[in-house]
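Okay, structure first, notes after.
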Amino acid sequence: MKYNRINIIGLGNILFGDEGFGVEAIRAFEKDGEYPERVQFVDGGTQGLYLLDYIESCDAVMVFDALIPLDFDRRVYVYHKEELPAFIHRKMSSHQMGLSELLGIAQLHGRMPETFVMIGIPPRILDLGSGLSEDARELLDEAVVQGREILREWLGE
């Protein structure tokens, strides 16, 4: 597989502990590598609807986020487009549009990327100003390694 435009998006609010996992993951991912121009790293934070173009405008999207799987095992979860659970993003407030809604809009527009991958962990601590928990920090490197492996495939390496 080889894609012309790849967006790697980190979601979350770094002010609320593990909720900032996605942003911290893309920072670590981008910091330790050199990437072609067609790969763009996006600190999506909690921008909601403003991220729609980053999803609709490319061939492949990789999203890092603190997600809440039903079983809560302490591990890295990787969901491909066809495996995404219906509810994949816990909202911190009622006005924040979640990733599941963004994907729904992109699908309605007929502009879903060809490939989509979600990489995340279950959050443990969501306290204001606490930074990532030890659990989240331990899983961060593994999440980034898995993301890099997927990116290598996407780049045709």
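One decimal place: the segment D43-I68 gains 7.0 nm when fully extended, by the rule 0.36 nm per residue minus the C-alpha distance. What does the net charge come to around Y54 if you take all other residues with beta carbon closer than 13 Å to its beta carbon, with K and R at +1 and D and E at -1? Charge balance in the 13 Å sphere: -2. DSSP finds beta bridges in the chain, and of those with both partners inside it, around 20 percent are antiparallel. Estimated from helices alone, the mean residue ellipticity of the chain at 222 nm is -9500 deg cm²/dmol (sum of -39500 (n - 2.57) over DSSP H runs with n ≥ 4, per residue). When peptides 19-26, 57-64 are ranked by their average number of other Cβ atoms within 10 Å per residue, the highest-first order is 19-26, 57-64.
If R0 is 30 Å, the Cβ-Cβ spacing of R148 and E83 corresponds to a FRET efficiency of close to 0.90. R0 = 22 Å: FRET efficiency of K31 with E138, Cβ-based, nearest 0.05? Computed FRET efficiency for K31 and E138 comes out at 0.75.
Projected over every direction and averaged, the convex hull enclosing the alpha-carbon atoms of the range 6-154 yields 8.3 nm².
The separation of the range 2-38 from the range 140-157, counted between C-alpha centres, amounts to 11 Å. Calculated FRET efficiency, L126 to I105, Cβ-Cβ distance, R0 = 22 Å: about 0.25 to the nearest 0.05.
Bear in mind these aren't lab numbers, they're just calculated from the coordinates by the rules spelled out. None of the values given here were measured: they were computed from a predicted structure. Don't worry about glycine lacking a Cβ; one is built from the backbone with ideal geometry, like all the others, and counts go over all protein chains shown.
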